[in-house]
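Notes to accompany the following structure.
Coordinate-derived values only; no laboratory data. Here the structure is a predicted model, which means the values were calculated and not measured. Reconstructed Cβ throughout: ideal geometry from the backbone, glycine too, with neighbour counts over all protein chains shown.
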Protein chains: 2
Amino acid sequence: MQKPLILVTNDDGITAPGLRALVGYMKEIGEVVVVAPDSPQSGMGHAITLDNTLYSTKINTDAKNGAKAEYSCSGTPADCVKLALQELLDRKPDICVSGINHGSNSSINVIYSGTMSAAIEAGIEGVPAIGFSLCDYSWEADFGPARDFVIRIVREALVHKIPKGVVLNVNIPKSDSKEIAGIKICRQARANWKEKFDKRTNPMGKDYYWLTGEFELLDKGQDTDEWALANGYISVVPTQFDLTAHHAIQRLNNWNLNE
Amino acid sequence: MQKPLILVTNDDGITAPGLRALVGYMKEIGEVVVVAPDSPQSGMGHAITLDNTLYSTKINTDAKNGAKAEYSCSGTPADCVKLALQELLDRKPDICVSGINHGSNSSINVIYSGTMSAAIEAGIEGVPAIGFSLCDYSWEADFGPARDFVIRIVREALVHKIPKGVVLNVNIPKSDSKEIAGIKICRQARANWKEKFDKRTNPMGKDYYWLTGEFELLDKGQDTDEWALANGYISVVPTQFDLTAHHAIQRLNNWNLNE
């Protein structure tokens, strides 16, 4: 029987330790091809490259890491998936996994996430997809404790099939002395970033800003991804790209929009 | 009584004719402040600027256009909204309108849309918001036939209030001989882009790609935005940033994710 073909991508760039960890784990399940950005793309959301050229470079693969083929791409995470599916892979992958991101993509972060946009792009194109993120921004983050869970989630997704129109957003609590408590299926918590702009003056005398902010959780539910993570669980949120707020349609029909 | 404060932004950049049209229409309703990208940002999705500086320049406003103040910003559409709300406006706007985009943001295009990401960013921050797009990519597109409808939609939104957690995605059919038939509240149609990569070789002998594609409608429903637009109606889709696929939670709970 043919091994499953697994497309691995991310938004931290092809050299990121989180991607290297994921490649290693996926090698235990199937045949791995990497198509990932040639530079970090954090916060890229679902950007695609419309007005610029895209370059792709085939990289000599490291037999130890075990990817069958690796390509770096000059574009965004969503570009990488499009290029992989249309140009670089010789068959449709059985699953696309994105990450493991260095940093959380839980709750509202999913909106800004390049990691999840790659997974969502695969989902839009009919390829089952999962984004993995570790709630630790460090480049030296320890992905080890997540290993068995990541493998189990991908195996289960291959067996049970991810529902159509759905992409999984998996977040893993930061590794510390405590063990991971398990896996919880969750909804996306309501949350927000309270922006703060750090205003400075450049050497030429012109003002500029750095975007910073503080995370603000607006949700006390115990069925959310934030609750799960705070309690040591891996959160799995089924995420969709039909953005319609179906519950609001009736209400808008009561507005006076036609004379 | 204080006039409503209206934040106008877009993704085609501060000089775009579609933004100029929207400023003119909004002037009839309230006090207008523009904070928009200094260069085109189409296809930027919900990108934000994390690793770079942001510049903002106050522009001398043209009394004829009637904006109270205008700022160009070096960032993405989502950055513009964050900067406007935290730094540039002296009070919270009553509504944020984004556009009018030169080109469709209906159905799956909402995912890639900088226009909609600006509106969604406002929504996340608790500001009622609407993205407007005209299904005509031309820089010389005729926004005139949409004028009264755009004004009516914004007035109705100010009166009835947009439901919390919801942002409106308004698409306007391309102007031709036919009049606009009216306004329909819709759901997002299922659709996809069939990518085609146009592969070329640069003068240095290196291969590169242009991303192109064909729109593929996968939905025959008559309650979708694509149906409305094809039949001469303006489509209004209530759009949400809670991406949870609530219907899939039960199904995932049946997977074997915990030993």
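Taking θ = phi - 60°, what integer Hz values does the Karplus form 6.51 cos²θ - 1.76 cosθ + 1.60 yield along the range A:77-93, in sequence order, with x for Gly and Pro? Listing the rounded values in order: x, 5, 4, 4, 5, 4, 5, 4, 6, 8, 10, 9, 8, 8, 8, 5, x Hz.
Phi angles across the range B:155-167 convert, under the Karplus curve 6.51 cos²θ - 1.76 cosθ + 1.60 with θ = phi - 60°, into 3J(HN,Hα) values of 4, 5, 5, 5, 6, 8, 6, 6, x, 4, x, 10, 10 Hz, Gly and Pro given as x. Computed with the Debye formula from one identical point scatterer per Cα of the protein assembly as shown, without solvent, the log10 of I(q)/I(0) at q = 0.06, 0.12 Å⁻¹ comes to -0.27, -1.10. With N the number of residues in the range A:8-52, Rg(Cα) / (2.2 N^0.38 Å) evaluates to 1.29. For B:Glu214, the point set 7 Å out from Cα toward Cβ sits 5.4 nm from its twins in the other copies, listed from shortest up.
The range A:186-259 and the range B:170-240 have Cα centres lying 26 Å from one another. When the trypsin sites (Lys or Arg not before Pro) in the range A:82-172 are filtered for DSSP coil states and for at most 16 other beta-carbon atoms within 10 Å of their beta-carbon, the remaining sites are A:Arg91, A:Lys161, A:Lys164.
Would you mind calculating the relative contact order of chain A from Cα pairs under 8 angstrom and at least 6 residues apart, reporting the percent as a whole number? Write out the running numbers ahead of the final one.
On the way: 560 pairs, mean separation 44.1, N = 259.
For chain A, the relative contact order is 17 percent.
Which of the GluC sites (Glu not before Pro) across the range A:142-249 are loop residues per DSSP, with 16 or fewer other Cβ within 10 Å?
Numbers: sites: A:Glu156, A:Glu179, A:Glu195, A:Glu214, A:Glu216, A:Glu226; in loops: A:Glu179.
In loop regions of the range A:142-249 (DSSP not H, G, I, E or B), the sparsely surrounded GluC sites (Glu not before Pro) are A:Glu179.
The Kirkwood radius of the range A:12-109, taken over pairs of alpha-carbon atoms, gives through the Stokes-Einstein law at 10 °C and 1.306 mPa s a diffusion coefficient of 114 µm² s⁻¹.
Please compute the length gained on full extension between B:Glu28 and B:Trp210, using 0.36 nm multiplied by the number of residues separating them and subtracting their Cα-Cα distance. Each step should come with its number before you reach the end.
Numbers: separation 182, 0.36 × 182 = 65.52 nm, distance 4.18 nm.
Length gained between B:Glu28 and B:Trp210: 61.3 nm.
Across the alpha-carbon atoms of chain A, the computed radius of gyration and Dmax are 19.3, 69 angstrom. Each residue of the range A:241-255 was assigned a 3J(HN,Hα) from its phi angle through the Karplus expression (A = 6.51, B = -1.76, C = 1.60, θ = phi - 60°), giving 10, 7, 8, 4, 8, 4, 5, 8, 4, 4, 5, 5, 5, 8, 6 Hz with x at Gly and Pro.
Taking the Cα centre of the protein assembly as shown as the origin, how large is its charge dipole in debye, to the nearest 20, when only Lys and Arg (+1) and Asp and Glu (-1) carry charge on their Cβ atoms?
Working: 52 positive and 64 negative charges, 115 e Å.
The calculated dipole for the protein assembly as shown is roughly 560 debye.
Split chain A at each of the chymotrypsin sites (Phe, Trp or Tyr not before Pro) in a DSSP loop with at most 13 other beta carbon atoms within 10 Å, and the longest piece is A:1-136. Pairs of Cα atoms nearer than 8 Å and 6+ residues apart set the relative contact order; for the range B:121-174 it is 62 percent. In terms of other Cβ atoms within 10 Å, B:Leu252, B:Leu22 run from fewest to most in the order B:Leu252, B:Leu22.
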